[in-house]
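Take a look at the structure below.
Derivation of every value follows stated rules applied to the coordinates shown; laboratory data play no part. What you see is a predicted model; the values in this text were computed from it and never measured. Using ideal geometry, Cβ is built from the backbone for each residue, glycine included, and neighbour counts are taken over all protein chains shown.
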Amino acid sequence: MFNLVAVIAGWVALLVVGVAVNVVNMGVFTVNVAVIVTVYMVVHRDTFDALIVAFALCLLAATLSGGARGATLLGILPAIGATWWAKGNIDTEKLWRSAGWCVVASLLADFGFAAVMMLFESGKGWMNMFWHVAPASALLTGFAALPMHGFLHMLDPILSGTHEEGTWLK
Amino acid sequence: MLEFLQKYRTAVMLSVFLLVGFGLVLVEGGQTEGALGPLGGVVFQASAASQSALTAASGGISGFWDRHMELVRVKEENARLRDELHRVIDERTRLLGVMQENARLRGLVGFQEDHPTLSLLPARVVAKDVNAYFRVISVRLESTSALVREGMPVVSSAGLVGQVANVDGRFADVLLTVDRQSAVDVIVQRNRARGVLEGRGFDNDYSTRISYLLRRDEVDEGDVVVTSGMGGRFPRDVIVGRIAEVRRQNYGLFQEVVVEPAVDFSRLEEVFIVVGDETR
């Protein structure tokens, strides 16, 4: 059930980000909402739930941004894998760390997307665009992950109230 | 089967992920354009409608922000333009001063051309009317004071100013023609009628009068009065002023004539001291 809540929250966030990018005029930089929600799911739930939510949000994000759904889907897999590894090695359950990890995950997702596009679309243009766009977008994603993870934590029926006290916000 | 799916659900989901992902990549060929499909169309329509509403709602906020930023820019531009205006006003004031000084100096040059036999030493007026009983100005000499002596005539481009009363270093006091103690031998230019120009010493009036002008001499208001050159102190034919009033009685030898000086003593800034006259 929470998977559906996460997908809806992500979809709403996608809409808000789409409008904000237009209003604030951030140029080509944007917030990788699918990465934010997926990282949360990997960290606080399990990989299966994260795959389901990532699947839905990637398709939604690709649909809203105009296409390349396959590349978007495949691109996020390295981010999920790395986050799964980080969950076991870094204490990513804390808010600041999970938000910080979103920067890395966003870079990985963008790199995966660019790599798939480069493989199936000839030319180096995609990698050039990756270097141009990904760092700033990853930072934006990290900042946006703070309120988003906080919001998801409030919605999460398992974690809210029952989470180990005094550890999550440290 | 269900148990298998339950047990390997992550691997199954990952497989689905990969299959769909590669499938879509192959179908789309990396294209960012193409058919969305029925479900994609519904999602797109719903999202577009939601975003349209969000954009409309945020339009007010962004409009407010844009107006605020515009006001900030206007304020900055206003401050910059105000500074520039002050600078231009300062420059204009300075240029006006230069232009006025230029006009005065041109007048002085013109005076020298009209009186080529005179040797002139420039001086700048630094003070006026230090005593209520005298009409005296202080001048600063532009060059050496060795040539300047008491009694030397002082002129401006407009005409006769007075005479040097005393000299001290590079400064000198000039007794104006409007001082009570001043006496200058003058003639009326039109009919060469002769008299002595004396100051009246009024508090708020720079006028002078001509004494010892014979009653039979016909003079009228507006007649130009110039120095006669007699007495050897003042050069001849330097304009002194114009007759402003004629008081002729039916008795006596002389008539009283009031003369308005040609020089505006209240606006005097540069003068020349006549240190030599080749005609003498």
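Odds and ends about this structure:
- At R0 = 56 Å, FRET efficiency that the Cβ-Cβ distance of B:GLU76 and B:THR279 yields, to 0.05: 0.25
- Two-site label geometry, B:PHE254 and B:ARG87: point separation in nm, points 7 Å out along Cα→Cβ: 6.3 nm
- Distance between the pseudo-spin-label points of B:GLU150 and B:MET1 (7 Å out from Cα toward the beta carbon): 13.8 nm.
- 12 Å reach of a label modelled at B:VAL126, 7 Å along Cα-to-Cβ, counting backbone N of segment B:158-186: B:168-173
- Here r is the Cβ-Cβ distance between B:GLU142 and B:ASN191 and R0 is 41 Å; the resulting FRET efficiency, rounded to 0.05, is 0.60.
- Treating r as the C-beta distance of B:MET69 and B:GLN45 and R0 as 35 Å, the FRET efficiency rounds to 0.55.
- Taking a sphere under 13 Å around the Cβ of B:LEU95 and counting the other residues whose Cβ falls inside, with K and R at +1 and D and E at -1, yields a net charge of 0.
- Over chain A, Cα pairs under 8 Å with separation of 6+ residues give a relative contact order of 27 percent.
- Placing pseudo-labels 7 Å out from each Cα toward the beta carbon at A:SER65 and B:PHE22 gives an inter-label distance of 2.3 nm.
- In loop segments of segment B:251-280 as defined by DSSP, the GluC sites (Glu not before Pro) with at most 14 further C-beta atoms inside 10 Å of their C-beta are B:GLU269, B:GLU278.
- Calculated P(r) tail over 21 Å for segment B:118-277, as whole % of Cα pairs: 42 percent
- Of A:TYR40, B:TYR206, B:TYR212, the sequence from fewest to most neighbouring Cβ atoms within 10 angstrom is B:TYR212, B:TYR206, A:TYR40.
- Here is how the number arises for chain A: DSSP H runs of 4 or more residues each give -39500 (n - 2.57), the sum is divided by the residue count, and the result at 222 nm is -27000 deg cm²/dmol.
- Inter-chain Cβ neighbour count for B:11-24, averaged per residue, equals 5 (cutoff 10 Å, partner chain atoms only).
- Unit charges on C-beta of K, R, D, E only; dipole of segment A:31-155, Debye: 80 debye
- By the beta-carbon count within 10 Å of each Cβ, the least crowded to most crowded order of B:PHE171, A:PHE130, fewest first, is B:PHE171, A:PHE130.
- Debye-sum result for chain A in log10 I(q)/I(0), which assumes one identical scatterer on each alpha carbon, at q = 0.14, 0.16, 0.20 Å⁻¹: -0.67, -0.88, -1.37
- Of the complete DSSP H runs in chain A, those spanning 20 angstrom or more by Cα along the long axis with a mean Kyte-Doolittle score not below 0.0 are A:2-24, A:47-65, A:69-89, A:95-120, A:125-155.
- Summary value for segment B:118-277: 26 percent relative contact order, contacts being C-alpha pairs under 8 angstrom separated by 6+ residues.
- As a proxy for reagent exposure, A:MET1, A:MET117, B:MET230 were ordered by neighbouring Cβ count within 10 angstrom, fewest first; the result is A:MET1, B:MET230, A:MET117.
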